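Taking it in order: structure first as structure tokens, then the write-up.
Computed from the coordinates by the stated procedures, all read-outs in this text should not be read as laboratory data. These numbers were taken from a predicted model, which means no experiment stands behind them. Every residue, glycine as well, gets a Cβ built from its backbone with ideal geometry; the counts of neighbours run over all protein chains shown.
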């Protein structure tokens with residue numbers, strides 16, 4: 001387990017690029033650290049000086065609401081100087097390559113760069129070119145490690161464990177970095193993972209990652225403890241993946257009727273933003289007894305504070 | 001030119017079924033005057049000096065059917081001079097250049113320019129191909145007849161595929177009438193759309209859009225179905241999967257056509273992509289180890305006819321990008337032979353099979369009198385130390401672009417001398 005002193009945190013990686021690179025010990029260190037920030041974030045005075053004097057750059061090449069604001073807040077609550085790059089007005093629009101942007105930013109001596117990019121592997125490329133730590137806030141369809149970590153923390157908070165739980169991940173798997181990071185993490189922590197998607201949204205050979213695959217949602221949901229719904233990523237769909245949203249809702253939207261196949265105390269999760277009435281029934285999404293979607297957002301700040309602290313120091 | 005005598009070499013010339021210890025004589029006119037076991041110290045005039053190769057190998061100069069050169073338009077990637085030097089260091093003495101230049105080689109006027117540049121700047125034999133369709137757009141056919149008359153050896157859209165079946169059938173009809181050779185890159189664009197690597201567990205893990213093997217299969221099946229009724233000279237540039245090998249093996253029983261494979265697909269698999277190595281972003285993509293093994297087997301049972309380098313020089317700026325943004329292709333003409341020899345050293349293929357696929361087979365398909373050691377023919381050949389170990393280093397490559405797919409790879413076997421028309425143009 002993690003040592004309790006701040007400056008003796010032993011993590012095996014310099015960067016947080018994906019769950020794939022982490023050991024179970026690394027994951028426990030991050031989750032332990034994050035759970036300490038939950039109370040702080042609920043208290044009146046949320047400011048610490050843990051990262052005082054450190055510079056955090058948020059480099060978001062894709063639009064983001066919750067992840068970017070979550071990282072922004074997390075850095076500020078830890079006392080770091082946070083700068084969010086506005087890509088629209090930057091040299092990237094003038095044709096600068098990612099490596100050149102990285103070199104430019106690197107010359108300003110940041111302590112940590114948080115990057116989101118539409119291309120898989122962009123964070124890996126960046127990490128090879130800068131001296132500071134790189135945190136992946138989502139790269140293409142590859143990984144979104146902090147999302148998976150906050151999902152795990154949410155589950156642990158409610159169910160007290162992950163080992164032995166049956167967890168369904170349902171929806172647009174092929175385009176989803178959230179699904180991939182969650183598969184790695186939940187598998188590592190001992191859950192049984194069911195992947196539910198129409199064949200057009202199921203990535204090739206995904207069963208080789210050690211998951212069960214279903215195209216029938218009801219079968220996939222059977223006896224699940226957690227139902228994780230994913231957003232249909234229409235912006236990444238270039239040709240006919242689905243006939244219509246209403247047919248998708250009929251077969252893959254989470255409705256009370258389908259949820260009945262899961263366990264009675266099953267929890268509903270969604271990384272957001274939601275397409276209400278497409279992948280999830282709007283009342284279910286807001287059902288405070290079943291849905292932990294808001295809690296995911298809340299714990300997201302704690303997880304990101306933990307990651308910033310661990311990888312920055 | 002002074003006569004030259006080489007003795008005590010292992011000579012492999014698949015065209016003439018020669019595989020024996022012997023010598024080679026280059027005449028004063030740069031032609032081969034004698035070859036084989038009858039060339040030895042007993043019948044060389046005593047006043048003549050000879051070179052004892054001490055068991056090194058002599059192969060006919062390699063014929064590489066798929067080479068990209070940057071002229072015109074992309075001279076910063078590769079020009080005829082740098083291509084020629086790179087080729088010679090790898091024992092390649094004849095190449096078919098692809099028409100994907102800027103402008104595209106699609107009309108008669110540009111062929112003159114190409115031939116002149118090829119002749120003035122390169123020391124190897126350049127056989128330019130022209131595009132099948134204007135600007136490789138896949139719509140209007142080029143003038144096969146007129147282009148052929150100017151010296152175009154084959155027709156291909158290079159990196160592109162004719163998607164429209166009606167146009168493909170018309171192209172085949174014209175090729176039949178004019179006896180033109182079609183080189184098709186087999187890829188269905190709709191199935192490969194946005195694809196970057198093989199569709200499978202690696203693409204799923206890396207989060208990269210996959211190119212399914214059926215994208216290749218569908219075009220091969222389509223073209224071979226057309227070929228059944230339109231009998232023309234047709235060659236599939238490169239195949240990449242076990243499934244393609246199987247289809248071609250079956251179809252070859254009834255239809256006459258040929259096919260090639262890139263040395264990359266024979267030697268590497270999708271796992272080599274590792275942590276987003278953009279130098280391994282190739283077309284067709286590297287596939288699974290089972291596919292690679294099937295391709296090797298396809299060569300040994302003659303399903304696959306030729307090995308190509310698919311030499312595609314790209315400057316580093318085009319590769320120092322995210323995988324999605326990076327250019328496709330790898331430089332490879334210099335390492336073509338050495339990397340092929342790996343398949344001999346590890347027991348996968350016979351030496352004759354490899355040399356045939358690099359010399360007489362492509363020459364036969366192209367109908368050129370190259371890739372052999374015929375007496376009276378130009379003395380185009382290379383001398384190879386079959387066991388010499390060496391390491392591929394970017395900085396030692398002669399190609400203008402350094403995008404090798406096998407940086408730091410240890411290879412066994414190296415060309416030590418290359419001759420074109422009797423002249424020694426490369427010496428290690």
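Of note:
- Take the Cβ atoms of residue A:47 and residue B:253, set R0 to 60 Å, and the FRET efficiency comes out at 0.15.
- Inter-chain shielding of A:115-124 (mean C-beta neighbours from other protein chains, 10 Å cut-off): 5
- Evaluated at q = 0.05 Å⁻¹: base-10 log I(q)/I(0), Debye formula over Cα of the protein assembly as shown: -0.32
- Protection proxy ranking of B:133-146, B:379-392, by the mean of other Cβ atoms within 10 Å over each peptide's residues and highest first, is B:379-392, B:133-146.
- Short-range pairs are left out: with C-alpha atoms under 8 Å and at least six residues apart, the relative contact order of region B:173-253 is 37 percent.
- Counting only alpha carbon atoms, the long axis of helix A:145-159 and the longest principal axis of chain A meet at about 60°.
- Alpha carbon centroid spacing (whole Å) that separates region B:147-223 from region A:259-313: 46
- Seen from a random direction on average, the alpha-carbon convex hull of region B:75-227 projects onto 10.6 square nanometres.
- Note on residue A:260 and residue A:103: the model spin-label points, each 7 Å out from Cα along the C-beta direction, lie 6.3 nm apart.
- Computed [θ] at 222 nm, deg cm²/dmol, the protein assembly as shown (DSSP H ≥ 4; -39,500 (n - 2.57); rounded to nearest 500): -9500 deg cm²/dmol
- A straight chain from residue B:139 to residue B:21 at 0.36 nm per residue would run longer than the Cα-Cα distance by 37.2 nm.
- Between region B:1-68 and region B:276-318, the alpha-carbon centres lie 32 Å apart.
- Comparing Cα centroids, region A:204-227 and region B:227-264 end up 40 angstrom apart.
- Taking the C-alpha atoms only, the angle from helix B:242-251 to the longest principal axis of chain B is near 80 degrees.
- Region B:10-91: C-alpha gyration tensor shape, a/c 1.5 cut-off, then a/b vs b/c: prolate
- Other protein chain C-beta atoms within 10 Å of residue C-beta, averaged over B:361-371: 0.
- Considering only chain A, percent of DSSP beta bridges that pair antiparallel, nearest 5: 5
- At R0 = 51 Å, FRET efficiency that the Cβ-Cβ distance of residue B:369 and residue A:222 yields, to 0.05: 0.10
- Cβ crowding within 10 Å, taken as a proxy for footprinting-reagent exposure, orders B:343, A:125 from fewest neighbours to most as B:343, A:125.
- GNM remark for chain A: springs join alpha carbons under 10 Å apart, and the peak mean-square fluctuation among A:219, A:204, A:54 falls on A:204.
- Rounded to the nearest 5, the antiparallel percentage of DSSP beta bridges internal to the protein assembly as shown is 35%.
- Chain B: angle of helix B:80-89 to the longest principal axis, Cα-based, in degrees nearest 10: 60
- The modelled label-to-label distance for the pair residue B:116/residue B:1, using points 7 Å beyond Cα in the direction of Cβ, is 2.6 nm.
- The protection proxy used here, the mean number of other Cβ atoms lying within 10 Å of each residue, ranks peptides A:114-122, B:252-260 as follows, highest first: A:114-122, B:252-260.
- Peptide A:206-212 has a mean shielding of 2, counted as Cβ atoms of other protein chains within 10 Å of each residue's Cβ.
- Modelled spin labels at residue A:129 and residue B:423, positioned 7 Å past Cα toward Cβ, are 4.4 nm from each other.
- Shape call, region A:163-287: gyration tensor on alpha carbons, a/c limit 1.5: oblate
- Between residue A:14 and residue B:52, the FRET efficiency from the beta-carbon distance, with R0 = 60 Å, is close to 0.55.
- Most simply put, chain B has about 50% antiparallel DSSP beta bridges, counting only bridges with both residues inside it.
- With bins 5 Å wide beginning at 0, the percent of Cα pairs of region B:318-362 falling in each bin runs 5, 19, 19, 15, 12, 9, 12, 8, 0.
- Panel order for A:252, B:344, by other beta carbons found within 10 Å of each beta carbon, from fewest to most: B:344, A:252.
- For chain B, built as a Gaussian network whose Cα springs stay under 10 Å, the top-fluctuating residue of B:98, B:65, B:168: B:168
- Gyration tensor (alpha-carbon) shape descriptor, region B:61-366, a/c threshold 1.5: rounded
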